[in-house]
Structure formats: structure tokens, C-alpha cells
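Below is one structure, written out as C-alpha cells, with a few remarks after it.
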Amino acid sequence: MAADGGQWVGGRPSCLFPVRALATVFRAEYLAGLAQAFDAGQLTFAGGTSPLADRGTFTGFLGRLRAVPWVVYAKRPFAGPAQVLDYLGRYTHRVALSNNRLVDHAEGRVRFRWRDYADHDRVKVMTLETDEFLRRFLLHVVPRGFMRIRHFGLLANRTRRDRLRQCRHLLGQPPPPEVAPAAAAVLLLRLTGVDFSRCPVCGEGHMQITVLVVPSPPPLDTS
């Protein structure tokens, strides 16, 4: 018997078996969705996946995937959904290192503040060679062609505006208020630690928009 009263099966607690059942159901639903997308012409194959454009090849491919055991990990968060959202929010809506944590840059070295959670959350200062600092910082940059956040469903990027407008209409909600430029500047200051309204040269004067330069269309190709 397990400590919580559950039975042990094969040296493992029986609570693992619902996860195995979930893996089987998830595999079936996922592969069924792929088959439907193929029939609807919603899949694009290129490069090494080009042979999968053939129906017979694609069906065989799904058969091989269906024969492989899938792993699905499901576990309740320790502190609840709010803690998970707060944790993810720190990574999805902030840069790796805000400017207000930088101490100085001199003699080819960068000093910045960091919080040592293993030492009672004390704030310390770390010194790194400039090249090493840049290397660590660039580890947080998403490679070209990758998206940091991908939305689906109502928040899918292609149809988000129209679907949210329809949702507000069905729920009888007013449209969202327009974000004032001043509010946007305050948000950027909070996220980056840089006041973009101040002059980058003197650091005292405030920048003002005097003219908007509209990009000109590309020249006609007369060749």
C-alpha cells in the first residue's frame, strides 16, 4: 500500500496509471487532428517532410506514431495556478536583465545586481568579462524564426482582433480603452528601467514628436 492509502502496482503508485491513460487519449486525439488537417489541406510539407504530402505515406507515418508509447506529464502546481502564471509572466514579459540592475561597465567587465535565493534572497553584485556577459545575455534571445509566445484559439494572431471584437459584442462589453502614449511610456519605464521620453544625449530634456516619417514605397522595377 502507498503512504496515502493507494495501491502500489509493479513498484509504482497506482496514481501513475491515469497519466498513462491520458497519454493514450492524448495520442489518439492529436493524431486524429493531424489526419483531419491533412484531409482539409491545412498542412504544408517542405524539405525533408515533402514525401508526407502523399496520402499513403502520411497514413503510414501516422501508423508509426500510433505504435509508439507517448509520455504525458500532468501534475498539480504546488502553489496553485496563480503562482504558475506569475512565474511564467516574469519570463514572457520582461527582458533577461533590466537596465536598472546594471551597476557599471569598466575595464572590459560588467557588474550587475542579482538576487541569491539560496542565501535568504540577498541582493549581490556579480562581475563578468564583457564577452561572457554578452554570451549569457544572448542565451535568452529567441533564435530567428522562433516565437517567444504562441497563441491559439481566440487569441490566435491571425484572427485575434475579429474574434475578440465578436466576444465583446456577444458579452455586451465595451471595447478596450485606448492606451495613451504617456501610459505606454510609464509601462516601458517599469519594464526596462529606461525613460524613453528623456533626451538620450543630455538626460534631462523631454523628447517630443514633431513629425512622423512615413516609409516610401519601393521603386518600380523597370528592368
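The values are calculated or read from the model by the stated rules, or taken from the named source; none is laboratory data. Note that the structure is a prediction, hence the values are computed from the model and not measured. Please note: Cβ atoms are built from the backbone with ideal geometry, for glycine as well, and neighbour counts cover all protein chains shown.
Please pick out the residue among Thr130, Thr159 that is polar (S, T, N, Q) and either under 25 Å from Leu191 (Cβ atoms) or modelled with pLDDT of 90 or more (or both).
Only one candidate qualifies: Thr130.
Quick one: in the stretch 112-137, of everything that is more than 12 Å from Leu97 (Cα to Cα) and in contact (Cβ under 8 Å) with a residue 12 or more places away in the chain, which residue is surrounded by the most Cβ atoms within 10 Å (Cβ to Cβ)?
Leu128
Please work out if Val110 is part of a loop (DSSP other than H, G, I, E, B), among the hydrophobic types (A, V, I, L, M, F, W, C) and more than 22 Å from the chain's Cα centre (by Cα).
Here the answer is no, as Val110 does not meet what is asked.
Look at His105 and say whether it is more than 22 Å from the chain's Cα centre (by Cα), within 22 Å of Thr192 (Cα to Cα) and either surrounded by 10 or more Cβ atoms within 10 Å (Cβ to Cβ) or at pLDDT 95 or above (or both).
So His105 fits the description; yes.
Residues that are within 30 Å of Leu187 (Cβ to Cβ) and of a type in the set (Ser, Thr, Tyr), at least 3 per element: which helices (runs of 4 or more DSSP H) completely within the stretch 14-100 meet that?
Helices (runs of 4 or more DSSP H) meeting the threshold: 81-92.
For the stretch 150-173, how many residues meet the condition of being loosely packed, with under 11 Cβ neighbours inside 10 Å and under 21 Å from Thr92 (Cβ atoms)?
Residues in the stretch 150-173 being loosely packed, with under 11 Cβ neighbours inside 10 Å and under 21 Å from Thr92 (Cβ atoms): 5 in total.
Working only within the stretch 174-199, note down all residues that are in a loop (DSSP other than H, G, I, E, B) and surrounded by 10 or more Cβ atoms within 10 Å (Cβ to Cβ).
Once the filter is applied, which keeps residues that are in a loop (DSSP other than H, G, I, E, B) and surrounded by 10 or more Cβ atoms within 10 Å (Cβ to Cβ), the stretch 174-199 yields Gly193, Val194, Asp195, Phe196, Ser197, Cys199.
Taking the stretch 63-111, which residues are charged (D, E, K, R), touching a Leu at 6+ places or on another chain (Cβ under 8 Å) and under 26 Å from Phe26 (Cα atoms)?
If the condition is that a residue be charged (D, E, K, R), touching a Leu at 6+ places or on another chain (Cβ under 8 Å) and under 26 Å from Phe26 (Cα atoms), then Arg66 is the only one that fits.
List the pairs whose first member sits in the stretch 77-101 and is without any contact (Cβ under 8 Å) to a residue 24 or more places away in the chain, whose second member is among the polar types (S, T, N, Q), and whose Cβ atoms are under 7 Å apart, counting only residues at least 6 apart or on separate chains?
Pro77/Gln83
Would you mind finding the one in Gly193, Gly172, Gly153, Gly145 that is in contact (Cβ under 8 Å) with a residue 40 or more places away in the chain and at positive phi?
Unique residue meeting the criteria: Gly193.
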